[in-house]
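Nothing in this text is a laboratory measurement; each read-out follows from the coordinates by a stated rule. Worth saying up front: this structure is predicted, and the values here are computed from it rather than measured. Quick reminder, even Gly has a Cβ in these numbers, built from the backbone with ideal geometry, and neighbours come from all protein chains shown.
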C-alpha cells in the first residue's frame, strides 16, 4: 500500500507517511501497554506492597464474619483503570519522559521481565519518534521551499533597486506588489504551471479558466468557437495594487484587460474622481486591441486586482488563420469607435 501511495503523484506522500507513522506508534503503544499489564497481572503484584498495580489499580475484597476473615481476593483489578495506567506507562516510556511513578520491578523477587520490556519499549519508541520527526521535518522543508525561493527573488529585486538608487516610495510599491503576488499565488507562476502540461491538456485548462470571460466581450460575439479556443492560449495573468494605473489616457492601446478579481475605476479627465466602476468579470480596451487607438480614459485599480491581459500581437497572430474573423472584428471595432 505504501508503495502505491509513493508512486501516486496525486497524494502528498509526506502527509500520508506522517499519518502511517502515527498509526504505527499507536499500535506499538497499545501492544506495549497490554504486555506491561499482562506481566504485572501474571505475577499478581498486589501480593507485594509498593508494586505499581497494588498502588494504582488493584482492589482487595475481604469477606469478614465476626472477627474472622473468611476469604480475600489477592488481585481484583479494575480493567479500564489497568489499561489506562498501562497506556500511560507505555507513552511516558516511549517518549523517554519516565516520571518515575510507574516503574519496572527491580527487587530480588523480580524475574527481570518488566525491566527488559521497559528497555525494549524505550529503544523502539526512540526510533519511531525519530522517524516521525524526520518525516515532519521533510514536510515543513518542502512546504517552505517555494517561500524561500520567492523571498530570494524579492531580496534580489530590493538590492537591485537600492543599487540603482530607486526612490523609496517606488521601492515600497515594488515590495507591495511582491506581497500581493505571494498572497495570490504562494510563489508559483500560473503560466509556468499550465505551460508545463501537454499542449492539449494545457489548452483545456486555459479554456476552462478564461473562455467564460472572452465570451462576454461583444467584440467576439458570433466568431467561431475554435477561434476563442485558440485565443485563450495567449491570455496572461497580472496583479495590480490599489490605486495603481492599469492604462492611462492618450497612451496607444495594444492590450485588452479582463478583471478576474477586484474592482477598477474609470477616471475622469482630471484623474481625481472615478466616472464609474468596473466589477469582477468586466473588461476594457477591446477597441484598442483591434485598432491600436489611443486610450480615451485612464483606468486604475480600486482594490487589489487580478487582471487577465490579451496583447494585440497575439490577437493578430491568431487572426492570420481566421481571415473571416479578422474582417468581422475590424468592422465591429470601427462601428464602436464611431458611436463614441
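Quick check: pseudo-label points 7 Å beyond the Cα along Cα→Cβ at residue 122 and residue 196, how many nm apart are they?
Spacing of the two 7 Å Cα→Cβ label points: 4.7 nm.
Say each of residue 175 and residue 282 gets a label point 7 Å from the Cα, pointing the same way as Cα to Cβ; how far apart are those two points in nm?
It is 3.2 nm.
Consider just the alpha-carbon atoms of the stretch 204-246 and return their Rg together with their Dmax, both in angstrom.
Calculated on Cα positions, Rg and Dmax stand at 12.6, 37 Å.
How long is the gain from residue 136 to residue 155 if the chain were fully straight, where each residue apart is worth 0.36 nm and the alpha carbon distance is subtracted?
Additional length available on full extension: 4.0 nm.
For the stretch 137-190, what does the alpha-carbon gyration tensor say about shape, rounded, prolate or oblate, given a ≥ b ≥ c as the root eigenvalues, a/c under 1.5 as rounded, and a/b over b/c as prolate?
Judged from the Cα gyration tensor, the stretch 137-190 comes out prolate (a/c at least 1.5, a/b above b/c).
Regarding the stretch 176-276, what are the three Cα extents along the principal axes, ordered largest first, in Å?
47, 38, 21
Once you sort the root eigenvalues of the Cα gyration tensor of the stretch 198-338 as a ≥ b ≥ c, which label holds: rounded (a/c under 1.5), prolate (a/b larger than b/c) or oblate (the other case)?
oblate
When a/c is below 1.5 the answer is rounded, else prolate if a/b is larger than b/c, else oblate, so apply that to the stretch 281-340 with a ≥ b ≥ c taken from the square roots of the Cα gyration tensor eigenvalues. Mind dumping the intermediate values first?
Working: a/c = 2.60, a/b = 1.47, b/c = 1.77.
In terms of gyration-tensor shape, oblate.
By how many nm would the segment from residue 294 to residue 99 grow when fully extended, if each residue of separation counts as 0.36 nm and the alpha-carbon distance is taken off?
Once the chain is fully extended between residue 294 and residue 99, it gains 62.3 nm.
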